[in-house]
Every structure is written in structure tokens, then in C-alpha cells.
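Colleague: First, the structure itself, so that you have it in front of you.
Nothing in this text is a laboratory measurement; each read-out follows from the coordinates by a stated rule. For clarity, every value in this text was computed on a predicted model and none was experimentally measured. We place every Cβ from the backbone using ideal geometry, glycine too, and count neighbours over all the protein chains shown.
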Amino acid sequence: MNGRWILLCAGLLGTLAAESTAGEVTIGSRVFQIPDGFELDLIAGPGLVDRPIAMSFDEQGNLYVTDSAGMSDRATEQVKTKPHRLRRLTDLDGDGRFDQSTLFAEHLMFPEGCLWYEGSVYVAAPPEIWKLTDTDGDGVS
């Protein structure tokens with residue numbers, strides 16, 4: 001199971017034009033060995049999410065991804081501006097690749113983890129942990 005999650009993360013972070021199966025795959029400057037029984041697919045990339053950090057699926061297959069603003073400001077400045085966000089990715093046509101990105105929450109301190117649990121996304125954004133819930137079905141917390 002962990003191997004599949006690592007490959008999924010690599011698909012989120014990489015720029016791979018087509019799906020790959022067993023063998024050697026190069027993404028950027030990294031070379032991945034894909035064992036038999038596994039495959040590497042690009043499921044989301046730039047345009048949907050820019051700098052993914054952590055992710056979690058809900059029961060409908062939506063993927064919640066914490067997304068860095070890409071800033072290198074000091075932590076004291078980022079605590080004031082809270083520039084990072086959480087995106088909800090949706091596969092509209094059922095092909096296994098995400099087509100739509102919705103800004104689910106913004107103004108987060110650097111989000112280091114997220115977990116979907118019983119209708120809410122929990123985001124670890126030190127020094128805080130947030131419970132984010134879409135209460136009206138609009139895809140936004």
C-alpha cells in the first residue's frame with residue numbers, strides 16, 4: 001500500500017506525459033523503478049495544484065491537497081499573511097485524472113498534513129490544527 005501512495009505522490013509532483021508501467025521512469029531529474037504490478041500515472045499537475053504538500057481522499061473520490069504558496073518569507077511574516085491553501089480536486093469525467101480544482105480553504109499557515117475524516121478535512125498547519133467542513137455543498141469550507 002505504501003508503494004502505491006509513493007507512486008501517487010510522485011504522479012502529483014512530476015510532469016509525466018503518459019501513464020507508465022513496470023520499468024524505469026524519469027521525472028525531472030529523478031529516476032523511479034516501477035515494479036511489476038504497479039503503475040505511475042499523472043493524475044494532477046500545474047493548473048490544478050502548484051506545489052502539493054499532503055493529500056487525502058474523501059468517500060466520493062475527491063482529493064484534498066494542501067498547496068504551498070511557494071514563498072520563502074520568514075515564518076514570522078507567514079504567520080501574519082498565512083498565504084497557503086487547501087484545494088479540492090475532482091475527476092469530472094471518471095477517467096482517473098482530476099479535471100477541476102476548487103479552492104476549498106485559504107489563509108493557512110504552512111500546511112504540513114491533511115486527513116479526510118467523517119465529512120471534514122483536518123489540516124495540520126502549525127501551530128494550529130483546523131477542521132474544515134463544506135456545510136452547504138458548494139465545494140468550499
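Colleague: For the range 128-135, take each phi angle, set θ = phi - 60°, evaluate the Karplus expression 6.51 cos²θ - 1.76 cosθ + 1.60, and give the result in whole Hz per residue in order, putting x for glycine and proline.
Modeller: 10, 10, 10, 10, 10, 9, 7, 8
Colleague: Assuming R0 = 41 Å, can you tell me the calculated FRET efficiency for the pair LYS82 and ARG30, based on Cβ-Cβ distance, to the nearest 0.05?
Modeller: It comes to 0.85.
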